[in-house]
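Q: Quick one: this structure, given as structure tokens, is what I'll be asking you about.
Read-outs: derived from the displayed coordinates by stated rules, not from any lab. Only a predicted model underlies this, so the values are computations on that prediction, with no experimental measurement involved. Heads up, the Cβs are rebuilt from the backbone with ideal geometry, glycines too, and the neighbour counts pull from every protein chain shown.
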Amino acid sequence: MANAISTPDAPRAIGPYSQAVLAEGPAGRTLFCSGQIALDPATGELVGGDAAAQTDRVMRNVEAVLAAAGMGFGDVVKTTVFLADMADFAAMNEVYGRRFSGTFPARSTVQAAALPRGARVEIEVLAVRAPPGRDARRPARSGSRRPARRGAGRAAVRSRRR
């Protein structure tokens, strides 16, 4: 079952989409967050300044959406960062890095030709909250505890190619 997540502490959607969608199932809770840009939730206006200032606002917006779903940055397993200019990578990365500790989420960073409202940074996240007693960042054990034979994976791939 999927439910839309919405909070006044992050900018309202500026199109036909949800701030986030929460899916619940046997593996736990998975939150798919729409990309956030540096909009001030109180005014709906783009925060001025450089990529570092915009990244800070974006991360506060992401934090608000995560909190509305009962999650935090520790639940984030994947992010996608869109930059208007890859020259802003170092500034974005420094601010972004302050929000995470321990195991960092997987991340893709790409340069986009343009971002909504002329933003310099947009970030979307995927967060997972496992059921009690299970760590979302650790894969569930398979039925077999025996390690795979060394090289078995390559042999299987070779045989399929023939």
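Q: Taking 0.36 nm per intervening residue step and subtracting the Cα-Cα distance, what contour gain separates Q111 from K78 on full extension? Please list the in-between numbers first.
A: On the way: separation 33, 0.36 × 33 = 11.88 nm, distance 1.74 nm.
Using 0.36 nm per residue and subtracting the Cα-Cα distance, I get 10.1 nm.
Q: How would you rank 80-89, 97-106, 53-62, 115-124, highest first, on the average number of other Cβ atoms within 10 Å across their residues? Display every interim value, and only then the final one.
A: Numbers: 80-89: 16.6, 97-106: 12.2, 53-62: 22.7, 115-124: 19.2.
Result, highest mean Cβ count within 10 Å first: 53-62, 115-124, 80-89, 97-106.
Q: Where the convex hull is taken over the Cα atoms of segment 3-89, what is its projected area averaged over directions, in nm²?
A: The Cα convex hull of segment 3-89, projected and averaged over all directions, gives 6.1 nm².
Q: Let me ask another. Quote the FRET efficiency, to the nearest 0.05, computed for T103 versus R12 with a Förster distance R0 of 30 Å and r equal to the Cβ-Cβ distance.
A: About 0.40, to the nearest 0.05.
Q: Now for a different question. Which ³J(HN,Hα) values in Hz, rounded to whole numbers, follow from the phi angles of segment 74-90 under the Karplus curve 6.51 cos²θ - 1.76 cosθ + 1.60, where θ = phi - 60° and Gly and Pro get x?
A: x, 8, 6, 10, 8, 10, 10, 10, 10, 10, 6, 8, 4, 5, 8, 4, 4
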